[in-house]
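Trainee: Below is the structure I would like to discuss, written out as structure tokens.
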Amino acid sequence: MPWQSVTQVPQLADSAVQVWWADPKDAAPWMHDLLDNIERHRRDRLSRPPDQARFVVGCALLKRTAAAQLAVDARDITLVRVCPDCDQPHGKPTVPGSGLELSLAHSGNRVAVAVARGTPVGVDVEQDQRSIDPETLIDTVLTAREAAALAALPADRHRTGFLTYWTRKEAVLKATGDGLRVPLRHVEVTGPLEPPRVLAFAGRPEQPIGLVGLDAGRDHIASLAVLGAEPSHVLQLDARSLWLTST
């Protein structure tokens, strides 16, 4: 895997971001013990075991990540995910009063958590699957300029190119806290062969947003967005280190 293993969790420096990577196969009984009643209810509503595993590992990763930065027990971390539209617990995860900014993503064999201090972040990962047909999604995801750039790529690059656009846009909307309440076409980004950058954000021309491409390993594509300037340092870490070094 392309991620760094550590024997001690590094403390976050100003304007730095950590991205922790886990596998749904990491799911273990102790992770279920970290869930609160709301999280257990959400887990039980998922009918497919792989979806339950991604959810449980995501909760454990969020809590262990926050606990490591705050020097507390993960069992003492309470996550708040209130949606600003409906007050249901599926919004961006927060630990009130901690000063930490968190973002969660999962797809296929990847679960990712991005964490920073005082700087909103958004992470997104997508599994590259043959079942994905970009042609059926272009009109709802890409701007005309992006669609033209995608069409100019070799045919065998269309799916990965499309997913690169997708993760860049999703990461931005997670960082802003909008999620899918804002159409993906409202965000325009550079093409997959260019360094990641936000070119336009409808209605928010003055909002600076940094974009970073992440190495999600084989058959997965991922991006990180940070509100404000591009982060000074992005450290990608293997969650197996976190399972061993945190309380």
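The values are calculated or read from the model by the stated rules, or taken from the named source; none is laboratory data. Owing to the predicted nature of the structure, the values given are computational and were not obtained by experimental measurement. Neighbour counts run over all protein chains shown; Cβ positions are idealised from the backbone, glycine included. For accessibility, only protein heavy atoms count, side chains too; no ligands or nucleic acids. Shrake-Rupley method; radii C 1.70, N 1.55, O 1.52, S 1.80 Å.
Trainee: Under 13 Å from the Cβ of ARG197, count the other residues' Cβ atoms, weight Lys and Arg +1, Asp and Glu -1, and hand me the total. Spell out each step's value before the answer.
Mentor: Details: positive: ARG168, LYS169; negative: GLU146, GLU188, GLU194, GLU230.
Around ARG197, the charge tally is -2.
Trainee: What lysines does LYS63 reach when the alpha-carbon gap must be under 19 Å and sequence neighbours fewer than 8 apart in one chain are set aside?
Mentor: LYS25, LYS92, LYS174
Trainee: Of ALA148, GLY191, LEU70, which is farthest on the positive side of the dipole of the chain, counting Cα position, with +1 on Lys and Arg Cβ, -1 on Asp and Glu Cβ, and the Cα centre as origin?
Mentor: Farthest along the dipole direction, towards plus: LEU70.
Trainee: In nm, to one decimal, how far is the modelled label at VAL72 from the one at ASP85, with both set 7 Å along Cα→Cβ?
Mentor: 3.1
Trainee: Net charge near HIS220: determine it from the other residues with C-beta under 15 Å of the C-beta of HIS220, scoring Lys and Arg +1 and Asp and Glu -1.
Mentor: Working: positive: LYS25, ARG54, ARG110, ARG130, ARG159, ARG168, ARG218; negative: ASP23, ASP124, GLU126, ASP128, GLU170, ASP215, ASP219, ASP238.
Within the 15 Å Cβ shell, the charges total -1.
Trainee: In nm, to one decimal, how far is the modelled label at ALA28 from the one at ALA151, with both set 7 Å along Cα→Cβ?
Mentor: Each label point lies 7 Å from its Cα, and together they span 5.2 nm.
Trainee: What are the membrane-span-like helices in the chain by this rule: whole DSSP H runs, Cα extent along the axis at least 18 Å, mean Kyte-Doolittle hydropathy at least 0.5? Let's see the in-between values first.
Mentor: Values: long enough: 49-70 (31 Å, 0.29); 158-176 (27 Å, -0.56).
Membrane-span-like by this rule: not one helix.
Trainee: Between LEU180 and HIS41, what is 0.36 nm times their sequence separation minus the Cα-Cα distance? Round to one decimal in nm. List each step's numbers first, then the result.
Mentor: Working: separation 139, 0.36 × 139 = 50.04 nm, distance 2.30 nm.
That pair, LEU180 and HIS41, stretches by 47.7 nm at full extension.
Trainee: Can I ask one more? Would you mind putting 150-157, 183-190, 107-114 in packing order, based on average other-beta-carbon counts within 10 Å, highest first? Display every interim value, and only then the final one.
Mentor: Details: 150-157: 12.4, 183-190: 19.9, 107-114: 23.9.
For the peptides 150-157, 183-190, 107-114, the packing ranking is 107-114, 183-190, 150-157.
Trainee: In whole percent, what relative contact order does the chain give with Cα contacts below 8 Å and a gap of six or more residues?
Mentor: Working: 493 pairs, mean separation 63.8, N = 247.
Taking the mean separation of contacting Cα pairs over the length of the chain, I get 26 percent.
Trainee: Please work out the average accessible area per residue across the chain, using the 1.4 Å probe convention, and give it in Å². Intermediate results must be reported in sequence, preceding the final value.
Mentor: On the way: 11900 Å² over 247 residues.
Ligands and nucleic acids excluded, the figure is 48 Å² per residue.
Trainee: Mind running the shape call on segment 72-115? Use the C-alpha gyration tensor, a ≥ b ≥ c as the square roots of the eigenvalues: rounded below 1.5 for a/c, prolate if a/b tops b/c, oblate otherwise. Spell out each step's value before the answer.
Mentor: On the way: a/c = 1.88, a/b = 1.06, b/c = 1.77.
Because a/c hits 1.5 or more and a/b fails to exceed b/c, segment 72-115 counts as oblate.
Trainee: To continue, here is another question. Over all Cα pairs of segment 161-247, how is the pair count split among 5 Å bins, expressed in % and running from 0 up to the last occupied bin?
Mentor: All Cα pairs, binned at 5 Å, distribute as 3, 13, 24, 23, 16, 11, 6, 4, 1 percent.
Trainee: Got a number for carbon plus sulfur as a percent of the chain's accessible area, 1.4 Å probe?
Mentor: 50
Trainee: While we're on this one: In debye, nearest 20, what is the charge dipole magnitude of segment 2-110 about its Cα centre with +1 on Lys and Arg Cβ and -1 on Asp and Glu Cβ, if you could check?
Mentor: Details: 13 positive and 13 negative charges, 71 e Å.
My answer is approximately 340 debye.
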